[in-house]
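Asks: Provided herewith is a single structure, encoded as structure tokens, for subsequent inquiry.
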Amino acid sequence: MKNAGTVLMYNCSGEEFSKLKQIFAMLRLRMRVVGPERYQVPLEELAQGKGEPGETVQPLPETMLVFCGMGQALLNQVLEVIRVAKLPPIPLKAVLTETNREWNTMQLYEELLR
């Protein structure tokens, strides 16, 4: 069975996110948990499971999701299922684009905060 896309997950550990992981698995989305030692790797490489760990930096203070390689219809479905499931709020969400694919985690995080 082919996967439908990839979700980069930041600070999504713990019991409250087990339902989120079940949703992603049900929708055949590949989940990649990104730790602080990989924040310097470009987003596109993270989505492909590439990139060497580097110096560990301070973890992001918030939960963040980056949706990679999925069409608009699937993205809308994922967001609707998350909303209906009444999960803890995840204010920082992004989609991998031509513009941000070479950015690292901290560049995307700073842009989302703006």
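The values are calculated or read from the model by the stated rules, or taken from the named source; none is laboratory data. Note that the structure is a prediction, hence the values are computed from the model and not measured. In this analysis, Cβ positions are derived from the backbone assuming ideal geometry, glycine residues included, and neighbour counts consider all displayed protein chains. Surface areas here come from the heavy atoms of the whole protein model, side chains and all, with no ligands, DNA or RNA. Shrake-Rupley method; radii C 1.70, N 1.55, O 1.52, S 1.80 Å.
Asks: Provide a single number: the residues in region 82-103 that are at negative phi, open to solvent by 40 Å² or more (accessible area, probe 1.4 Å) and not acidic (D, E).
Replies: Within region 82-103, residues that are at negative phi, open to solvent by 40 Å² or more (accessible area, probe 1.4 Å) and not acidic (D, E) number 12.
Asks: Go through region 85-95 and count every residue that is of a type in the set (D, E, K, R) and in a loop (DSSP other than H, G, I, E, B).
Replies: Here the count works out to 1.
Asks: For region 54-72, name all the residues that are out of contact with any strand residue (DSSP E or B) (no Cβ under 7 Å at 6 or more places or on another chain) and either within 19 Å of S13 (Cα to Cα) or part of a loop (DSSP other than H, G, I, E, B) (or both).
Replies: Matches in region 54-72: G54, E55, T56, V57, Q58, P59, P61, G71.
Asks: I want to confirm something. Restricting to region 14-70 and keeping residues that are out of contact with any helix residue (DSSP H, G or I) (no Cβ under 6 Å at 6 or more places or on another chain) and among the polar types (S, T, N, Q), which single residue is farthest from L87 (Cα to Cα)?
Replies: If we take residues in region 14-70 being out of contact with any helix residue (DSSP H, G or I) (no Cβ under 6 Å at 6 or more places or on another chain) and among the polar types (S, T, N, Q), then Q40 is farthest from L87 (Cα to Cα).
Asks: With G49, G69 as the choices, which residue is more than 20 Å from G35 (Cβ to Cβ) and either loosely packed, with under 10 Cβ neighbours inside 10 Å or within 12 Å of the chain's Cα centre (by Cα) (or both)?
Replies: G69
Asks: Would you pick out the residues in region 5-53 that are over 25 Å from E102 (Cα atoms) and either part of a helix (DSSP H, G or I) or touching a residue at least 60 places away in the same chain (Cβ under 8 Å) (or both)?
Replies: If the condition is that a residue be over 25 Å from E102 (Cα atoms) and either part of a helix (DSSP H, G or I) or touching a residue at least 60 places away in the same chain (Cβ under 8 Å) (or both), then E15, E16, F17, S18, K19, L20, K21, Q22, I23, A25, M26 are the ones that fit.
Asks: Another one. Go through region 104-114 and give me each residue that's open to solvent by 50 Å² or more (accessible area, probe 1.4 Å) and touching a strand residue (DSSP E or B) at 6+ places or on another chain (Cβ under 9 Å).
Replies: Within region 104-114, E111, L112, L113 meet the criteria.
Conditions (1) out of contact with any strand residue (DSSP E or B) (no Cβ under 9 Å at 6 or more places or on another chain); (2) assigned to a helix (DSSP H, G or I); (3) within 26 Å of E55 (Cβ to Cβ), marked per residue:
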residue	(1), (2), (3)
L74	no, yes, no
L79	no, yes, no
R83	yes, yes, no
T97	yes, no, no
N100	no, no, yes
